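Contents: one structure, followed by commentary.
The values are calculated or read from the model by the stated rules, or taken from the named source; none is laboratory data. None of these values were measured; they are calculated from a predicted model. Please note: Cβ atoms are built from the backbone with ideal geometry, for glycine as well, and neighbour counts cover all protein chains shown. Just so you know, the surface numbers come from the protein's heavy atoms only, side chains and all, with ligands and any DNA or RNA stripped out. Shrake-Rupley method; radii C 1.70, N 1.55, O 1.52, S 1.80 Å.
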Amino acid sequence: YRDKRLVTWDPKLHTAISDLEVEPREVKGHFWHLRYPVENSNESIVVATTRPETMLGDTAVAVHPDDERYKHLVGKLLVLPLVGRRIPIVADTYSDPEKGTGAVKITPAHDFNDFEVGKRHNLPLINIFDMNAKLTNDVPEAYRGLDRFVARKQIVADLEAAGALVKVEDHTLQVPYGDRSGVVIEPWLTDQWYLDAATLSKPCVAAVEAGRTQFVPKHWEKTYFEWMKNIQPWCISRQIWWGHQIPAWFGPDGTCFVEETEEQARKIADAHYKQPTQLRRDTDVLDTWFSSALWPFSTLGWPEKTPELARYYPTSVLITSFDIIFFWVARMMMFGMHFMNEVPFKDVYIHALVRDEHGNKMSKSKGNVVDPLQVIEEHGTDALRFTLIALALQGRDIRLSADRIGGYRAFVNKIWNASRFALMRVTGNVAPLSSMQAKLEEPDRWILSRLANAVADVRKHLDEYKFAEAANAMYVFVWDELCDWYIELVKARLMNEDAAGARSKQVAESVLVHVLETAMRLMHPVMPFITEELWQKLPIERSTAFIAQQKYPGDELAVWRNPALENSYALVQSGISAIRTIRAEKNLGPTRPIDAIIVAANADDRKLLEEQRASIIALARLQKLDIQASRAGAPEEAATKVTDRLEVIVPMGDLLDYAAEAAKLARQIEKTEAERVKLTTKLDNKAFTDRAPADVVARERARVTELEQMLVTLRDGHKRAEQRATKT
RNA sequence: GGGCGAAUAGCUCAGCGGUAGAGCGCCUGCUUUACACGCAGGAUGUCGGGGGUUCGAGACCCUCUUCGCCCACCA
């Protein structure tokens, strides 16, 4: 509908702008107290204003109906200084007796609140500004044509000269600026086109309440609701060049015809005027957000009923920034519900805002934009992309951190080097995994199980829009599991040129290539460049030209999942780590060949360790490994490391510092004992054993048993070390 | 005035009812033939304060403090 009301007018760009494009800025200004005399009386009323120039357009002064100070003056007239116009004193609850003098000047044509007061009291609207915010001919001659800020100075001076200026106070106030033009916007009375947004918004609120569209993270719904439920009429016309021209035609007498086409409008107009009539099209264009609101269906061929529209509307997900919720998301909802009678998207993912290093929002007009090309120059495209994804946590903004980008650049490098290793060691095309399932060795089955886990985790996180978690799952799998364990585990097999090891070598090659190939597909959306490059190089059969055309890894990996194997394999890893810890603590160096004894009380554990003897020897760099049920026969001069299920003993000969060893064991005993006491106290608490879930209680009991076993071993070792220390 | 979010290791941040974590930084040792953008090992926390719920609380509830943001208003 067309209406004459106040709009937020940009006097530089000469157009109405949206409330959302208005940016309040805090400015130091003044409070001017002005005295308006009551006609034919000695009395007067003092009003306070931050914009004295608007007094030229005053058409009333309002006081609160219950304000005893002014009750007797309501209905009387004031003489407006400098102008001489008689203006009424009206009673209106808009006036707040607590604020200022309790009397407020009313300028209906230049203030939104005053406009409403004016409507209630049938006050005239006096437009004192033109489109440039210069004073019009409706003001005394002395001020005509003056710019608003020039006029302000002049008027204050003249009021002072006339004795109407009571006092001036310093005052800090919020002044509305146009966010594009950077000038103070002016509430201005114009004819504009409006949408009845309140009516359009109702089904949109209902749709989100019913969950037909869901916000992720959910709390943004509140922002959406708050705005939708307090929505104002939407001024959709703009006095600018670019945009969809409004389909409205005016006849000579100002009658308006709104039709889809000019032809249609002319037909209606001719009928209306009963003769062929010249029409003039409205030169205004639609607010850009009006046009954008049509996007979800207009791009699919609407208003035609196209197959695309049937297939893709409603869309699955809109990914956008929170500051677009009002501008675009809400408006697409309105038009979707109105024109399609269906929501435009099922999910709205509100992503984090990337802020600059100081935490400020980046903006083109502020100029504090981090240039991605520069970051890419320094760290690489894939590193930047991975960093953004890794930092994209729900409900939290991103401060782009150079350190994090550097860390992920190292990750990209790691992927490159791991693949380089594989390409160096794997010769010829590899066989499909299915053909060698029976020949897989423990480490092979372990990494395939971990891969299946990683794929499942990544997919789950992506489904939930948890991008940072998805990135982390990729990172941990590739670096901590594939590189740090699997590649190290298979090195010996890959480098073995003996005929006897040929089959084992081939299996390792196939598994390594298969795992890498799957990892490339898994990471491709985040790191498109390196994954494409490496995928092209892998010795595999390629069914498509590009990795992007391949299927994303999914459920087909699930057959490899093997939690029991992973659990038992953790024992082997903890044994290797224990030996490495002794190496580091005793300064044995990473490469010096040493002997080690692993004591495991459990027969199944020993069996598993025996099977993995070669891996343990290789990764712990041992020259001799004994796996036994008890400590019997182990030398006294030994460093030990005790874990939940095993004790690792490294004979040290004269190298061992017994006092230090005893002290180290004493510290571990103290910590273990403290944990045991804590758990025992917990288990002694009847309230806990009665009320906590059975599995929690059982787990705690098992843990106490483990700790008790550890303590026996630790105390035994401690006693021996202490005896030796005193002997020497 | 209304609303939202945040406070956890030196830094950037996960965890959101059952033994406090990651990356970076820091410390120790390493030319280990994929990688020093690396490898192995290590240290580091009254989880902002105070109440409460619970067998059990960074986690849930209340409250306070401090930061950040959004909306409205400001004669």
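Were the residues from A:A499 through A:K624 laid out at 0.36 nm apart, the gain over their Cα-Cα distance would be 42.5 nm.
Rounded to the nearest whole Hz, the Karplus-based 3J(HN,Hα) values (6.51 cos²θ - 1.76 cosθ + 1.60, θ = phi - 60°) of region A:618-632 follow the sequence 5, 6, 8, 6, 9, 9, 8, 10, 10, 10, 9, 7, 9, 6, 3, with x at glycine and proline.
In chain A, taking the dipole from charged Cβ atoms about the Cα centre, the farthest positive-side position among A:H33, A:V370, A:T640 is held by A:T640.
Taking amide H atoms as placed 1.01 Å from N in the peptide plane, the amide H of A:E342 lies under 5 Å from those of A:M337, each 5 or more residues away in sequence or on another chain. In terms of distances greater than 29 angstrom between alpha carbons, the cross-link table entries A:K505/A:K607; A:K414/A:K671; A:K76/A:K99; A:K586/A:K727 yield A:K414/A:K671. Taken about its Cα centre, region A:242-364 carries a charge dipole of about 100 debye when Lys and Arg each add +1 at the Cβ and Asp and Glu each add -1 at the Cβ.
Converting phi to 3J(HN,Hα) with the Karplus coefficients 6.51, -1.76 and 1.60 and the offset θ = phi - 60°, region A:533-544 yields 4, 6, 4, 5, 8, 4, x, 10, 6, 9, 8, 9 Hz in sequence order, with x at every glycine or proline. Using the Cβ of A:L516 as centre and a radius below 13 Å, the other residues enclosed give a net charge of +1, where K and R count +1 and D and E count -1.
Loop-resident GluC sites (Glu not before Pro) (DSSP state other than H, G, I, E or B) in region A:6-109 with no more than 16 further Cβ atoms inside 10 Å of their Cβ: A:E39, A:E43, A:E68, A:E98. Heavy-atom accessible area with a 1.4 Å probe sorts A:I268, A:I415, largest first, into A:I268, A:I415. Per residue, the accessible area of region A:1-112 comes to 45 Å² when a 1.4 Å probe rolls over the protein heavy atoms. The heavy atoms of A:V79 offer some 30 square angstrom of accessible surface to a 1.4 angstrom probe.
For A:S237, the residues whose modelled amide H falls within less than 5 Å of its own, excluding neighbours fewer than 5 places apart on the same chain, are A:W193, A:D287. Between the C-alpha center of region A:11-79 and that of region A:233-299 there is a gap of 38 Å.
Taking every protein chain into account, the accessible area of region A:133-194 amounts to 52 square angstrom per residue (probe 1.4 Å). Within the shell defined by Cβ-Cβ distances under 12 Å, the residues around A:R580 carry a net charge of +1, with Lys and Arg each +1 and Asp and Glu each -1.
Close amide H partners of A:V348, meaning residues 5 or more places away or on another chain with modelled amide H under 5 Å apart, are A:Q214, A:F215, A:V216, A:L318. Debye-formula intensities of region A:137-190, expressed as log10 I(q)/I(0) at q = 0.13, 0.30, 0.31 Å⁻¹, are -0.49, -1.16, -1.17 (one equal scatterer per alpha-carbon, no solvent).
On chain A, 52 percent of the accessible area sits on carbon and sulfur atoms, based on a 1.4 Å probe.
Note: relative contact order over chain A, using C-alpha pairs below 8 Å and six or more positions apart, is 8 percent. The residue list A:M710, A:I530, A:P233 was ranked by how far each Cα lies along the charge dipole of chain A toward its positive end, using unit charges on Cβ atoms, and A:M710 comes out on top. Given +1 at the Cβ of Lys and Arg, -1 at the Cβ of Asp and Glu and no other charges, the dipole of chain A around its Cα centre is 1240 debye to the nearest 20.
The HN-Hα couplings worked out from phi for region A:350-355 by the Karplus form 6.51 cos²θ - 1.76 cosθ + 1.60 (θ = phi - 60°) are 8, 7, 5, 8, 7, 9 Hz, whole numbers, x standing for Gly and Pro.
For region A:148-223, the dipole from Cβ point charges (+1 on Lys and Arg, -1 on Asp and Glu) about the Cα centre works out to 300 debye, to the nearest 20. Expressed as a fraction of 2.2 N^0.38 Å, the C-alpha radius of gyration for region A:588-695 is 1.39. A simple count of charges around A:Q192, restricted to other residues whose Cβ falls under 14 Å of its Cβ and scoring Lys, Arg +1 and Asp, Glu -1, yields -4.
Determine the relative contact order of region A:108-252: mean sequence separation of Cα pairs under 8 Å and six or more apart, normalised by residue count, in whole percent. Relative contact order here is 17 percent. For chain A, the longest principal axis of the Cα atoms and the long axis of helix A:694-727 meet at an angle of about 50 degrees.
Sequence-distant contacts, meaning Cα pairs under 8 Å at least 6 residues apart, place the relative contact order of region A:459-546 at 19 percent.
Considering only Cα atoms, the convex hull volume of chain A works out to 282 Å³ per residue. Helix-only arithmetic for chain A: the sum of -39500 (n - 2.57) across DSSP H runs with n ≥ 4, divided by the residue total, places the mean residue ellipticity at 222 nm at -13000 deg cm²/dmol. Against the criterion of solvent-accessible heavy-atom surface with a 1.4 angstrom probe, A:W188, A:W241 sort, most first, into A:W241, A:W188. Mind checking which of A:A500, A:G336, A:T49 is farthest towards the positive end of chain A's charge dipole, using Cβ charges of +1 (Lys, Arg) and -1 (Asp, Glu) about the Cα centre? My answer, from the dipole projection, is A:A500.
Which trypsin sites (Lys or Arg not before Pro) does region A:10-75 hold that lie in a coil by DSSP with at most 13 other beta carbons within 10 Å? When the trypsin sites (Lys or Arg not before Pro) of region A:10-75 are filtered for loop state and at most 13 Cβ neighbours within 10 Å, A:R69 remain.
Computed over region A:499-651, the P(r) curve from all C-alpha pair distances, binned at 5 Å from the origin, holds 2, 8, 15, 14, 12, 10, 12, 11, 8, 5, 3, 1, 0 percent per bin.
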